[in-house]
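The values are calculated or read from the model by the stated rules, or taken from the named source; none is laboratory data. No experiment lies behind these values; they were computed from the predicted model shown. Here the Cβ is made from the backbone with ideal geometry for all residues, glycine too, and neighbour counts use every protein chain on show.
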Amino acid sequence: MEYTNGKGFIPEWQSHWVMDPQTETDLSEMAKAFKMQLDLQEGLVNLKGHAGTGKDVRIKMFSALTNRPYFGIDGTKWTTEFELSEDVMLESKDGASQTVKVPSAVLNGITTPGAIVYFNEFNAMPEQAHIFLHALMDEKRSLTLKTSSGKTIRALSSVLLAGSMNPNYPGTFDPQFATRSRMVSLEIGYPPLTRQADAGDRNPNPPYDASEALRIARGVDSLADLTYEASLERNEYVKMWDKYINGIDNGAPEPTGTQKFDIDASLALVQFANILRENFIKIFEKSREARNALPVTQPITGRELRRAAYALSKMTPEEKATANPEGVARDLLIKYFLTHIDKKEDQDKIRTAMNTWTSKKRVRA
């Protein structure tokens, strides 16, 4: 649903959105924080995490599930208070110039009943922009329009305020204490590699989580039709994954040869991406293990994995019958991820390490 101002809409559910246990927990914590914001009429719910953890997706999922209009604002180092409130522009009418006041997405959002006003990359905005928003984020819940002689506009009581941050990333501005005190921050992490075993599962080795593989499978022709049940307990792909990868006897059908290739390739993509993320976090956070980490200076996200899924769908069954799924997964990560890293020396180190990686199904008890 688009609103007439062209800024707000209720997001449509996307095929790569997965309601896995981690996402459910995140959405539940967001709901609690938003409820407190509405009750106290102050604050901003801030999602913190590395690039590619799904912060934007969480906000849009929440907006879709609660039927709230979404107003997104992308923060940059050039964001000014006029872009956040009301700007003035010249337009020509009947051959004469006149000034026109243009409301921002923020102003439109806070005056739309039930809206979610979302500041994407909040800490990409400079400190002056943070300070300008203090009155909106505290008990005043208001914006001052300097282009309208200091007129004050209060946010409607049903409006939710949210933001996201990649803390300490290049080109960001660390929020000052007064800004942080107006935030309720929630940590958003990457999808887990493994999950808790089901009751009655006697294998002591943890099963591999299907969540990220499910996101990949929705873009792979041979698997897509199995993926669309919203409940992971009833999802046909998850059942097939648990039987084929985790060795769980659940009555799922045996995958075809093409499906086996695609599931094996998905397993390799997920496990290799997990290794890349672990190395990125060690480097980024300058941990004790950073000295021995691979020089992964760029986080891998769901975007690269969706491109890999697209490429898998372009392979013919004949090509898959003779190809090595691990080798294909490795080549796709080199093509769609490793090229993001500019230093050739770093690329070579990562490529050399990747050539030694192997994927693993769950070890049988």
Tell me the residue from Thr144, Thr112 that is crowded, with 16+ Cβ neighbours inside 10 Å and either assigned to a loop (DSSP other than H, G, I, E, B) or in contact with a Cys (Cβ under 6 Å, 6 or more places away or on another chain) (or both), please. Thr112
Among (1) at pLDDT below 95; (2) in the same structural domain as Val328 (by TED's automatic domain parsing), Arg277 falls short only on (1)
Close pairs (7 angstrom Cβ cut-off, 6 or more residues apart or separate chains): closer than 14 Å to His134 by Cα in segment 41-60, of a type in the set (Val, Ile, Thr) and part of a helix (DSSP H, G or I) anywhere: none
Of the residues in segment 147-172, how many are under 23 Å from Phe82 (Cβ atoms) and assigned to a strand (DSSP E or B)? 9
Among the residues of segment 194-207, is any touching a Leu at 6+ places or on another chain (Cβ under 6 Å) and either farther than 19 Å from Lys360 by Cβ or aliphatic (A, V, I, L, M) (or both)? no
Scan (1) more than 28 Å from Asp221 (Cα to Cα); (2) surrounded by fewer than 20 Cβ atoms within 10 Å (Cβ to Cβ) for the single condition Val45 breaks and write down its number. (2)
Can you tell me how many residues within segment 338-365 are closer than 19 Å to Ala268 by Cβ and among the charged types (D, E, K, R)? 4
For segment 251-272, name all the residues that are acidic (Asp, Glu), crowded, with 20+ Cβ neighbours inside 10 Å and within 22 Å of Ala365 (Cβ to Cβ). Asp264
I want to confirm something. Restricting to segment 76-109 and keeping residues that are part of a loop (DSSP other than H, G, I, E, B) and at pLDDT 90 or above, which single residue is surrounded by the most Cβ atoms within 10 Å (Cβ to Cβ)? Thr79
Could you tell me which residue of segment 154-186 is surrounded by the fewest Cβ atoms within 10 Å (Cβ to Cβ), considering only residues that are of a type in the set (Val, Ile, Thr) and within 19 Å of Gly72 (Cβ to Cβ)? Thr172
Suppose we keep only residues that are assigned to a loop (DSSP other than H, G, I, E, B) and among the acidic types (Asp, Glu) within segment 228-250. Which one would you say is surrounded by the most Cβ atoms within 10 Å (Cβ to Cβ)? Glu229
Contact list, first residue from segment 173-190 and part of a helix (DSSP H, G or I), second anywhere and modelled with pLDDT of 95 or more and aromatic (Phe, Trp, Tyr), beta-carbon distance below 9 Å, six or more apart or interchain, is Thr179/Phe122
Taking first residues from segment 333-346 that are over 12 Å from Ile300 (Cα atoms) and in the same structural domain as Tyr310 (by TED's automatic domain parsing) and second residues anywhere that are of a type in the set (Lys, Arg) and surrounded by 12 or more Cβ atoms within 10 Å (Cβ to Cβ), the pairs with Cβ under 9 Å that are 6 or more apart or on different chains are Lys335/Arg307
Has segment 158-167 got any residue that is β-branched (Val, Ile, Thr) and either under 16 Å from Glu121 (Cβ atoms) or over 25 Å from the mean Cα position of the chain (by Cα) (or both)? no
With Ala155, Ala135 as the choices, which residue is in contact (Cβ under 8 Å) with a residue 40 or more places away in the chain and assigned by TED's automatic domain parsing to the domain that holds Met36? Ala155
Looking at (1) farther than 18 Å from Glu121 by Cα; (2) touching a residue at least 60 places away in the same chain (Cβ under 8 Å), which one does Asp198 not meet, given that it meets all the others? (2)
